[in-house]
1. Testing residue B:449 on (1) free of Cβ contacts under 8 Å to residues at least 60 places away in the same chain; (2) more than 12 Å from chain A (Cβ to nearest Cβ), one condition comes back false. Which one is that?
2. Under 9 Å by Cβ, and 6 or more places apart or on different chains, what pairs join a residue from segment B:282-293 that is more than 21 Å from residue B:239 (Cβ to Cβ) and free of Cβ contacts under 8 Å to residues at least 60 places away in the same chain with one that is part of a loop (DSSP other than H, G, I, E, B) and acidic (Asp, Glu)?
3. Using beta carbons and a limit of 7 Å, which pairs, at least six apart or on different chains, have the first residue in segment B:315-334 and on the phi > 0 side of the Ramachandran plot and at pLDDT below 95 and the second one surrounded by fewer than 21 Cβ atoms within 10 Å (Cβ to Cβ) and among the small types (Gly, Ala, Ser)?
4. Give A:104, A:52 a once-over and let me know the one that is at pLDDT 75 or above and surrounded by fewer than 16 Cβ atoms within 10 Å (Cβ to Cβ).
5. What residue, among those in segment A:238-252 that are touching a residue at least 40 places away in the same chain (Cβ under 8 Å) and within 9 Å of chain B (Cβ to nearest Cβ), is nearest to residue B:463 (Cα to Cα)?
6. Can you list the strands (runs of 3 or more DSSP E) lying wholly within segment B:266-365 that have 1 or more residues being surrounded by fewer than 22 Cβ atoms within 10 Å (Cβ to Cβ)?
7. Name every residue in segment A:131-162 that is open to solvent by 10 Å² or more (accessible area, probe 1.4 Å), assigned to a loop (DSSP other than H, G, I, E, B) and within 11 Å of chain B (Cβ to nearest Cβ), in order of residue number.
8. Return only the number of the condition from (1) open to solvent by less than 70 Å² (accessible area, probe 1.4 Å); (2) within 27 Å of residue B:196 (Cβ to Cβ) that residue B:381 does not satisfy.
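The values are calculated or read from the model by the stated rules, or taken from the named source; none is laboratory data. Here the structure is a predicted model, which means the values were calculated and not measured. Here the Cβ positions follow ideal geometry from the backbone for every residue, glycine too, while neighbour counts run over all protein chains shown. Side chains included, ligands, DNA and RNA excluded: accessible areas come from the protein's heavy atoms. Shrake-Rupley method; radii C 1.70, N 1.55, O 1.52, S 1.80 Å.
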Amino acid sequence: MRVDTTLMLSAFTSPFHVVHVGQSAVVLRSARKQASGDELLIISPERSGLMPGGVCLAHVDFHRVRADILSHNPPTGSVLLAGWSGQSAVWALVNLNLAARAIPAVSVLAHQRAVAAHTSSRATAGPLSPEPIRLKAPSIAQSALAANLGDEMLSVTIGAGPGTTPSGDDVIVGIFAGLHVFGLLNEVSILARQIVPFLPRTTLASRHYLKAAMQGRFGQHVHDLVDTLAGDGDPDLTVQRASQWGATSGVDLLVGLVSVLAASMNTRSVESAA
Amino acid sequence: MNSPKTTVLSSRVLHHFYRDSVALMAIASATEKREGVIRVGAVMATPANRGILADSDMLPPDLNAESDDLVFVVRAESEDTATEALDAAEAGLTAVETSGAIEDQRPGTVDEGIHAALAGDRESPANLAAISIAGTYAPIVAERAIRNGLHILCFSDNVAVEDEVRLKKLAVAGGVLFMGPDCGTAIIDGIPLGFANVVKQGKVGMVAASGTGAQEVSRLLDLAGVGVSQLIGVGGRDLSADVGGIMTGFALDLLERDEGSEAIVVVSKPPSTDVATALISRLEGIASHGKPVVACFLGMDDADPDSVTPGVVVRGTLEGGAIATARLAGHELAVTDLDPIEPVPGRVLGLFTGGTLASEAKIILKRAGVDCEILDLGDDQYTAGRPHPMIDPEARADKIIEAGADSSVGIILLDVVLGHGASRDPATPVAEAVMVARSEAESVGRRLEFVASVCGTAADPQGIERQRTILRDAGVILAATNASAVRFVAAQQAGTHAS
């Protein structure tokens, strides 16, 4: 059982409302009176990896807990976690903070090409498509780096696109990841300040991940993507793996990550030349 | 573009409704294919998504929904069609709520399955069957699949050797591969089957009668920048006297003709002497036609083409096989051994999950004259009634903790195998157990060291650097290859005895 280091022990003894019971995650919202409405606990199985503010269980345990929540608590009810968490003997606290890393330029560019090839080969239009947001990603990333991401752009990005974490939000989480990887904390701070007023315009789950991203905390799948980029992994395989995360979220996030890394390198090379 | 005036737009709002996005998209896509349905939207009702719906002429004028509500919109040719589509979508989403999955229409028999697979996609029908059932029944299923022209990957073990010989002859006659039984690793046309690392595609063809042996060689080739064209597993018994290398011979025929394979490496645990002699002769024939060959036969003495075996490089370790193959492909694989540490009193215990990695360790330590106990925890005696330790690393963790209390043990050798099919995070249980075992040993004033290698690539799902970091943080001494880890241990033991 792995637990995000930021999760308080009290999470396991406090009641929660069930928000969502899925195959890849169970999402609970704190029912404590003093809790903010956005306080979520994400329970995930090993194959999904640990999420910010979450607990990651062995496959068997996850499905036992999931079945328990489904059978004893209707989705709108509340659940106490003390019963099942007490059965897990081994805990590992995992720090999900994304540290600054060196990413080879050649890897970024190769991944940028692979992402572009992937998205163009699947380009569709309409309300179910993430493509319009993905196409805007380089421009959003450039603006984020220049600290001039305007309200107009944010209003059509935050909460935009398919999925329970809309594509626009996933792109922004990817951009935050890229800024943290390159240690651009001033840009992180400015982008966070710009985004906060727009958080009510998206879903509960997305707000959770966006807030974590502002603080530099990301799910293990994001860490894996960064590892691959840093290790000069096969770009097509990276995209393939990203595409297995949700219907569109993994690729949306990778698009944001790669866009901001590429934009940052371009910016810095221009500065160096100057 | 506006829709024709004859269409109707209907919607349904599902309040505070979260579903796995994959299921949501699948249901939306299925709804869009219904007769009479023109377009579907299924999005969270955020302000931005309302804007997108409006731009697509899909925003219901009286929509009453918040950001955490799911809105399902259908534009259809009639009101009835739209309502039926929305009812079906909502029912599908509710089914996902309780079961988490949409029921598939599954074949009821093996024959139905084979015929469904062959008929499913006429342009690109299935051409390979993976069999992972009780060994008693595997030959029946395999024979039906072979007779239908399918290649076989037989993961099942406990298949009688007589059945193996019969099925392999049948497969060769039908021009298909029978990879197995007990075949855990293959990469065919870039598609990994069973346990396989994510390696580059390239020009080295591999034939392997050993699972983790194939993984170690392929991942080291990848490290050297050399890709694999095909990795054909043949099952651990193929080079035994009973089976006589039937499938290895057929696989070599295929690779010899394969223009995508410019060099060949054969990987095996120690083969039967007669079979090895015949096979080396066959490999010499391939080499004489211009396709260089490496025979990586564990335990055999190294030999180069200009001496005993003209045209064939023979290597007795996986690392040696990988280095020689990389060189044939024009790449160098440099392995830097670890610096020695203070000698550690006590015997060497190997706790391996990979059978061939365990064999390689035994051979190197035996040659060095080191007294050791090497356990292959993937062997049947340890896996009865539980998953293979590459899938479930907890069983080995228990063994590591047990060893912490064994005062005769000074060094523990480990392998950590990554890739498709392996545990998502094999390093963490090892690291946790190492810390417990070391603490136990140190509590009685005993020193205990752990030495390991990670069989993986940068592109593996587990991320090799993340896994190595977990082990390193737990104080595990990490070598670049399994052979290098074993050499380090052998050198330590020599130092211990000298001191």
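1. Against the list (1) free of Cβ contacts under 8 Å to residues at least 60 places away in the same chain; (2) more than 12 Å from chain A (Cβ to nearest Cβ), residue B:449 comes up short only on (1).
2. Nothing qualifies.
3. The qualifying pairs do not exist here.
4. Working: A:52 fails: surrounded by fewer than 16 Cβ atoms within 10 Å (Cβ to Cβ).
That would be A:104, the only listed residue that is at pLDDT 75 or above and surrounded by fewer than 16 Cβ atoms within 10 Å (Cβ to Cβ).
5. Within segment A:238-252, the match that is nearest to residue B:463 (Cα to Cα) is A:238.
6. Working: elements: B:293-297, B:312-315, B:347-352.
Hits in segment B:266-365: B:347-352.
7. Answer for segment A:131-162, where residues must be open to solvent by 10 Å² or more (accessible area, probe 1.4 Å), assigned to a loop (DSSP other than H, G, I, E, B) and within 11 Å of chain B (Cβ to nearest Cβ): just A:156.
8. (1)
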